[in-house]
1. Restricting attention to the stretch 36-57, which residues are out of contact with any helix residue (DSSP H, G or I) (no Cβ under 8 Å at 6 or more places or on another chain) and within 19 Å of residue 164 (Cβ to Cβ)?
2. Among the listed residues 203, 249, 270, 237, identify the single one that is touching a strand residue (DSSP E or B) at 6+ places or on another chain (Cβ under 9 Å) and at pLDDT 80 or above.
3. I want to confirm something. Restricting to the stretch 85-111 and keeping residues that are over 15 Å from residue 49 (Cβ atoms) and loosely packed, with under 13 Cβ neighbours inside 10 Å, which single residue is modelled with the highest pLDDT?
4. Of the residues 124, 82, only one is surrounded by 20 or more Cβ atoms within 10 Å (Cβ to Cβ) and modelled with pLDDT of 90 or more; which?
5. Read through the list (1) assigned by TED's automatic domain parsing to the domain that holds residue 32; (2) surrounded by 11 or more Cβ atoms within 10 Å (Cβ to Cβ); (3) at pLDDT 80 or above, then give the number of the only condition that residue 146 fails.
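The values are calculated or read from the model by the stated rules, or taken from the named source; none is laboratory data. The structure presented is a predicted model; accordingly, all values stated were derived computationally and were not measured. A quick note on method: Cβ atoms are made from the backbone with ideal geometry, for glycine too, and the neighbour counts reach across all protein chains shown.
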């Protein structure tokens with residue numbers, strides 16, 4: 001049970017998706033946050049003269065978006081979308097369009113050919129930067145796809161830049177890409193089963209031997225023994241002295257199993273076992 005304030009970041013899993021690690025897909029991007037931030041910052045600064053900082057990466061399942069730029073890879077389709085205020089900011093930083101932007105509202109005006117070309121370039125460049133072996137471990141060849149139309153997406157990854165609420169760009173994945181990423185995660189986490197049986201058995205024997213050799217044991221030393229009947233036992237009172245005879249060596253055992261006989265000596269107010277003599281089992285005829 002969660003409070004409404006604790007539901008942020010929690011998403012609903014459909015029945016047909018149970019048993020698949022969908023909750024681990026966002027971690028593939030979030031775990032690479034520092035690398036992605038560095039690559040994106042360098043890209044925008046060198047290619048578009050824009051100083052941007054990646055603030056957050058978030059994910060959302062089952063998204064509808066029919067205005068995103070459609071892309072294709074050998075796996076399937078993915079798409080790229082960007083908030084128009086962020087797109088116009090990038091255009092302004094590169095071309096200096098302050099005077100033009102002041103006369104129109106981005107929400108009301110139509111996208112220009114320059115904006116469309118920049119969106120297409122950003123889509124190819126950013127997706128090609130992210131989906132590489134050294135970045136996410138997902139080497140994909142990305143290209144523009146103008147032959148298909150798609151509005152429903154399995155996953156959307158949102159990249160928030162700077163502190164502006166309208167400074168986001170989005171990468172959308174279809175079911176094929178989602179399954180492809182989950183399969184990659186599964187292979188990375190799957191234990192190696194190709195190890196020879198003899199090697200595994202040798203390792204198991206070594207582990208068992210180490211466990212046995214480090215088991216703690218308690219040694220019992222029998223110092224004295226006195227035979228007494230029940231009548232004498234009932235007459236015992238405080239201060240009584242019992243005559244006992246000490247053997248030359250004392251038996252040492254673990255539980256009821258005898259190990260050896262040893263001499264008890266004292267050194268610096270501590271007792272030690274010395275002159276250990278191994279027990280020789282008597283043979284019965």
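1. Across the stretch 36-57, the qualifying residues are 37, 41, 45, 55, 56.
2. Within the list 203, 249, 270, 237, the selection yields 249.
3. 110
4. 82
5. Condition not satisfied by residue 146: (2).
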